[in-house]
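Report on one structure; see the data block that follows.
The values are calculated or read from the model by the stated rules, or taken from the named source; none is laboratory data. All of these numbers come straight from a predicted model, not from anything done at the bench. Reconstructed Cβ throughout: ideal geometry from the backbone, glycine too, with neighbour counts over all protein chains shown. Side chains are part of the model used for accessible areas, which takes the heavy atoms of the whole protein and leaves out ligands, DNA and RNA. Shrake-Rupley method; radii C 1.70, N 1.55, O 1.52, S 1.80 Å.
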Amino acid sequence: MEQTTLFGRSAYQPLAARLRPQTLDEIVGQQHLLGPGKVLRRIIEQDAVSSMIFWGPPGVGKTTLAGVIANQTRAAFINFSAVTSGIKEIRAVMQQADENRRYGETTIVFVDEIHRFNKAQQDAFLPFVEKGSIILIGATTENPSFEVNGALLSRCRVFVLKALTEDDLMQLLHRALTSPEGFGDQKILISDDVLRLIASFANGDARMALSTLEMAVLNGQLEGDATTVTAGDVEQCTSRKSLLYDKNGEEHYNLISALHKSMRNSDPDAAVYWLARMLEAGEDPLYVARRVTRFAAEDVGLADPKALQIAVAAYQACHYIGMPECTVHLTEAVVYLSLAPKSNALYKAYEHAKKDALTQLSEPVPLHIRNAVTGLMAEVGYGKGYQYAHDAADKLTDMRCLPDSLLGAEYYQPTDQGLEKRYAERLAQIKQWKREHGG
């Protein structure tokens, strides 16, 4: 549980460090990659590791997995931090890797937070990856398609790690209570209900789950040789009065429903309250941001097209900076949507069109709006009679685009709310022009 320093005193290690898995079988979660017969497990067990990038949220095992690879493969292992290392350090490590290669030894370079490296720093790895001097393993919480150089990314296989489930975290917490590296030599009295509160609070992050358990045990009630940990102890450690509601249960849906209906009812105060209830209880801000983005189109729509832009921007802010900083971005979006004019015309248009689409799935596309990409298609009439609107004086034609069985169908019926009133006027002008020109 503890390691000794040069001065003979024991150095305390956090619970998460003491319980860090050493083998594949000790890793919790990621069964889509590490289950029996799965691709990453086979690669590691066969010692056929090539350059790869682990992409996933914090605390899901990216660094742990790299450490397990180090334990199970016959390679030198160098742990690199993108936060503290520059090009000079990279080149020094690469030279050492070249030396190792001359003696027949492979070097695995693990780069944590690889997305923090700039282009020049990432490029410094490229020639050594290309000639096989190193096997690069990068870890990132950001989408590598945007954060890793294309040349480097093309030489790495990307594995997506998923947030741990509550059941995964419960398994991990039980192991912490029974393992000698954890609290196995202590008598800890804690119910499964309290453990599940910790698992819910951790929101898929193993490191956070173990850190919270450790703090709760340290703050538990010691009586004799037993330590009792209650929900109140956990609440005190997390500074969350209501802690976590069941994110998969009824209260989860009750609260998101309350947020939606408060915004729909143009009540910003109520909307911000329900937003705070969810976020302070530990709800994933990206879940809230996704639902807010849906609301922007479903309940505001073209009455204020800027609503969708603000909702999407709030989602991106949540993705980039996370909690607790992103609370203000979600508040901005929620207040804006609450005050925006309301229209559900887009929602109703799609639902109406969906019914027709499902009942007429075999309705052919009219020939004149098909692309004639081959000579044969042109011969049978593809594209014949097509009218290019940009060539018309009014940028309008009388060409029909619906199947014959649906001619005259009207799905989008704009309201007179906000900017949608302008679109309603424009649509009325278009329909009047078409009627006058036989469309």
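Things to note:
- The stretch 382-407: number of residues that are in a loop (DSSP other than H, G, I, E, B), small (Gly, Ala, Ser) and open to solvent by less than 70 Å² (accessible area, probe 1.4 Å): 3
- Screening the stretch 100-149 for residues that are open to solvent by 20 Å² or more (accessible area, probe 1.4 Å) and of a type in the set (Phe, Trp, Tyr) and picking the one that is nearest to residue 316 (Cα to Cα) gives 146.
- Residue 224 being on the phi > 0 side of the Ramachandran plot and either surrounded by fewer than 21 Cβ atoms within 10 Å (Cβ to Cβ) or of a type outside the set (Gly, Ala, Ser) (or both): yes
- Residues located in the stretch 121-168, provided they are in a loop (DSSP other than H, G, I, E, B) and over 23 Å from residue 73 (Cα atoms): 141, 142, 143, 148, 149, 154, 162, 163, 164, 165
- Test: residue in the stretch 323-330 that is among the hydroxyl-bearing types (Ser, Thr, Tyr) and open to solvent by 60 Å² or more (accessible area, probe 1.4 Å): no
- Filter pass, residue 415 being outside any loop (DSSP other than H, G, I, E, B) and open to solvent by less than 50 Å² (accessible area, probe 1.4 Å): no
- Some residue of the stretch 289-308 being more than 11 Å from residue 337 (Cα to Cα), at pLDDT 90 or above, open to solvent by less than 50 Å² (accessible area, probe 1.4 Å) and under 16 Å from the mean Cα position of the chain (by Cα): yes
- The residue that is farthest from the chain's Cα centre (by Cα), counting only those in the stretch 154-170 that are surrounded by 19 or more Cβ atoms within 10 Å (Cβ to Cβ) and closer than 19 Å to residue 66 by Cα, is 156.
- Screening 389, 424, 409 for residues that are of a type in the set (A, V, I, L, M) and within 25 Å of residue 341 (Cβ to Cβ) leaves exactly one candidate, 424.
- Members of the stretch 345-381 found to be open to solvent by 60 Å² or more (accessible area, probe 1.4 Å) and not in a helix (DSSP H, G or I), listed by number: 361, 362, 363, 364, 365, 370, 371, 373, 374, 380
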